[in-house]
Amino acid sequence: MLHLISLENWSTELIEEVLALAAKIKKTPGDYADAMHRKTLMMIFEKPSLRTRVSFETGVTQMGGHAIFYDLATSPLSSGKENVEDLVRVVCRYVDIIMGRLFEQMHIEEMARLSRVPVINALTNYEHPCQILADLQTVAEKKGKLAGLKLAYVGDGNNNVTHSLLFGCAKVGMHISVGCPKGAEYSPMEEVVASAKKAAAKTGAKISIVQDPAAAVKNADVVYTDSWMSYHIPEHKKDARVKVFHPYQVNAELMKHAAPDAIFMNCLPAMRGFEQTADVIDGPQSVVFDEAENRLHVQKAIMVKLLAEASR
Ligand code: CP
Ligand code: NVA
């Protein structure tokens, strides 16, 4: 059974196939109007969402299926009356495909292990693979290629988006430079960097983790940042984190170090005046809304591919 739990175990070929399918679906959506006819997607949410919820639900509707929004806060699981293993063993007997936005990577992995139907990771504390597939689609559209480009990620390095970018860039041969503060709390997990470097050795991608934001951004084709206060970070850490991350803010000054035609990306939600300034995110180099749109197209491609594999 093919799932999308992590980009770590998705091959370059599989990523490229899904990106090509996403481009096709975006161009001729009508050709896929029945691709999920009478199919049901279960969407399990333990954290907030705008893009993920609306793009998945809309994508299923556009392909003739039905999506169920299921809030874990109102489930027997949250009151301790049921466990995650039983939840997935039950729902996979009703629905055709499951996606989960959960805190723990371990829980989405457990779901995939126990499910009879494909499972999609729609964000955990550890990874956000759907986002990075949409990002790669966006970069390919804007730059006409992926391999050989340089992406600079600046800000919170110990982050789901950073981890998935490390895997995704490595797999498609895109160089990635992460600029983040020193220390395990702010840096990508060591095992992620080691695994991404292994994948990069096969594709020629270069991976570097640096503390100097200007060095990270130097000559980059893509400058990427994400929230300093991810959903799972407790509010009491805000002041300390704003202080630590402030030197990594993407502003006009930092953008000067990138290639003159660099694009700016943020998976959103974004806070103007924090991880980037308003002039950058609302300026001519920003592609954040095209990036957000591509969540819809790429997730349709992911579902079509996983359902096709499941029916083989
Ligand atoms: N980028 C993203 O996943 O956004 P949401 O948290 O709104 O789903
Ligand atoms: N790193 C962010 C991504 C939001 C889509 C978070 O986990 O909140």
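Tell me the residue from Ala20, Ala67 that is within 24 Å of the chain's Cα centre (by Cα) and away from ligand 1 (no atom under 16 Å from the Cβ), please.
Just a single option satisfies the conditions, and that option is Ala20.
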### Query
If you check every pair at least six apart or on different chains, which have Cβ atoms under 8 Å apart with a residue in the stretch 283-294 that is touching a residue at least 24 places away in the same chain (Cβ under 8 Å) first and a residue that is open to solvent by 20 Å² or more (accessible area, probe 1.4 Å) and within 16 Å of ligand 2 (Cβ to nearest atom) second?
Val288/Leu268; Val288/Ala270; Glu291/Leu268; Ala292/Arg51; Ala292/Leu268
### Unmet criterion (only one of (1) more than 21 Å from Ala134 (Cβ to Cβ); (2) open to solvent by 30 Å² or more (accessible area, probe 1.4 Å); (3) assigned to a loop (DSSP other than H, G, I, E, B)) for Ser187
(2)
### Query
Give me the pairs: first residue in the stretch 1-16 and within 17 Å of Ala196 (Cβ to Cβ), second residue among the basic types (Lys, Arg) and surrounded by fewer than 20 Cβ atoms within 10 Å (Cβ to Cβ), beta-carbon distance under 9 Å, and six or more apart or on different chains, which are they?
Thr12/Lys202; Leu14/Lys305
### Query
Conditions: (1) touching a Pro at 6+ places or on another chain (Cβ under 8 Å); (2) within 24 Å of Asp290 (Cβ to Cβ). Glu82 meets all but one. Number of the miss?
(2)
### Query
His175 fails exactly one of the following numbered conditions: (1) open to solvent by less than 10 Å² (accessible area, probe 1.4 Å); (2) more than 19 Å from Phe45 (Cα to Cα); (3) more than 16 Å from ligand 2 (Cβ to nearest atom). What is the number of that condition?
(1)
### Task
Can you tell me which residue among Glu13, Glu57 is more than 16 Å from ligand 1 (Cβ to nearest atom) and surrounded by fewer than 21 Cβ atoms within 10 Å (Cβ to Cβ)?
Glu13
### Query
Do we have Tyr231 as open to solvent by 50 Å² or more (accessible area, probe 1.4 Å) and within 16 Å of ligand 1 (Cβ to nearest atom) here?
yes
### Query
For Leu72, are the conditions met, namely being away from ligand 2 (no atom under 14 Å from the Cβ), at pLDDT below 95, open to solvent by less than 40 Å² (accessible area, probe 1.4 Å) and out of contact with any Pro (no Cβ under 7 Å at 6 or more places or on another chain)?
yes
### Query
Looking at Lys145, is it part of a loop (DSSP other than H, G, I, E, B), free of Cβ contacts under 8 Å to residues at least 24 places away in the same chain and over 17 Å from the mean Cα position of the chain (by Cα)?
yes
### Message
Within the stretch 100-112, does at least one residue satisfy the condition of being touching a Gly at 6+ places or on another chain (Cβ under 7 Å), outside any loop (DSSP other than H, G, I, E, B) and under 22 Å from Glu191 (Cα atoms)?
### Response
yes
### Query
Within the stretch 113-142, which residues are in a strand (DSSP E or B) and either aliphatic (A, V, I, L, M) or under 12 Å from Met174 (Cα atoms) (or both)?
Val119, Ile120
### Task
Would you check if there is a residue in the stretch 126-139 being open to solvent by 10 Å² or more (accessible area, probe 1.4 Å) and within 15 Å of Thr203 (Cβ to Cβ)?
no
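The values are calculated or read from the model by the stated rules, or taken from the named source; none is laboratory data. Since we're looking at a predicted model, the values are computed, not measured. When we count neighbours, we look across all protein chains shown, and the Cβ atoms used for this are built from the backbone with ideal geometry, even at glycine. Keep in mind that these areas ignore ligands, DNA and RNA; they rest on the heavy atoms of the full protein, side chains included. Shrake-Rupley method; radii C 1.70, N 1.55, O 1.52, S 1.80 Å.
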